[in-house]
1. Which length gain, in nm to one decimal place, applies between SER41 and ALA144 when the Cα-Cα distance is subtracted from 0.36 nm times their residue separation?
2. Once label points are set 7 Å from the Cα along Cα→Cβ at both LYS84 and ARG104, what is their separation, rounded to one decimal in nm?
3. How do ASP128, ASP62 line up, fewest other C-beta atoms within 10 Å first?
4. Taking a 19 Å limit on the Cα-Cα distance, which of the listed pairs LYS46/LYS87; LYS78/LYS151; LYS46/LYS154 fall beyond it?
5. Give me SER58, SER139 sorted ascending by neighbouring Cβ count inside 10 Å, so fewest comes first.
6. Binning at 10 Å from 0, report for region 59-103 what percent of all alpha-carbon pair distances ends up in each bin.
7. Please arrange CYS162, CYS59 by how many other C-beta atoms lie within 10 Å of their C-beta, fewest to most.
8. Tell me the GluC sites (Glu not before Pro) within region 91-167 that lie in a loop according to DSSP and have at most 12 other beta-carbon atoms within 10 Å.
Amino acid sequence: MGNVAAPVTSQIKLLQRRLRGFVTLILCAVGFSSCSDGNQSADVQKFESSELHAIGNSCKGDFLVVRGGNFVYVNGPKTMIAQKNIKITDLGSHRLVMTANYGRFNMVTTFALKHNETVATIEAVAIDPELTPEQWVASGIPEARIRDMFKEMKATAAMVLCPASAA
């Protein structure tokens, strides 16, 4: 019959690594900073009041959370701001856009909420307005590296919207 727990454990560890990778990618994007208004939809309220844990972790371990208008990575007692001064907007159809301003452009991440709004997946990541080739050269940031980073963010495992812990 075999050990069923081993594949499940390895899947959870893979998802944990991907969540950490997602945070690292966001922190890298900061090299390239809006709080939500009081007129929030139920989806925005739920997203902002939840902890985003890698699916399969049973709402335990490290997570992402909106705190004080920032997108924050929490790993036990350690916290790191992944994106400052974010704004979350409801697009309808259980899709949310998180925008972080970096001067002349915004980093825009679109989340799809699934399974009765209990799971968030990254649908798209982009820069707005799109930079011209000349602007990319002037920025000193390799466009291909950023595009690859955005692809990896989209490939991040789904995240469960868990109730906020007492921590």
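FYI, it's all coordinate maths here, none of it is from the lab. This is a predicted model, so every value here is computed, not measured. Cβ: placed from backbone, ideal geometry, glycine included. Neighbour counts: every protein chain shown.
1. Details: separation 103, 0.36 × 103 = 37.08 nm, distance 3.56 nm.
So the chain would gain 33.5 nm between SER41 and ALA144.
2. Here the modelled spin labels are 2.0 nm apart.
3. Details: ASP128 12, ASP62 17.
Listed from fewest to most nearby Cβ atoms, that is ASP128, ASP62.
4. The pairs that break the limit, which is 19 Å between Cα atoms, are LYS78/LYS151; LYS46/LYS154.
5. Working: SER58 10, SER139 15.
Taking fewest neighbouring Cβ atoms as first place, the list is SER58, SER139.
6. For region 59-103, the binned pair fractions read 26, 43, 28, 3 percent.
7. On the way: CYS162 17, CYS59 14.
Going from sparsest to densest Cβ surroundings: CYS59, CYS162.
8. Those that pass, being in a loop and sparsely packed, are GLU130.
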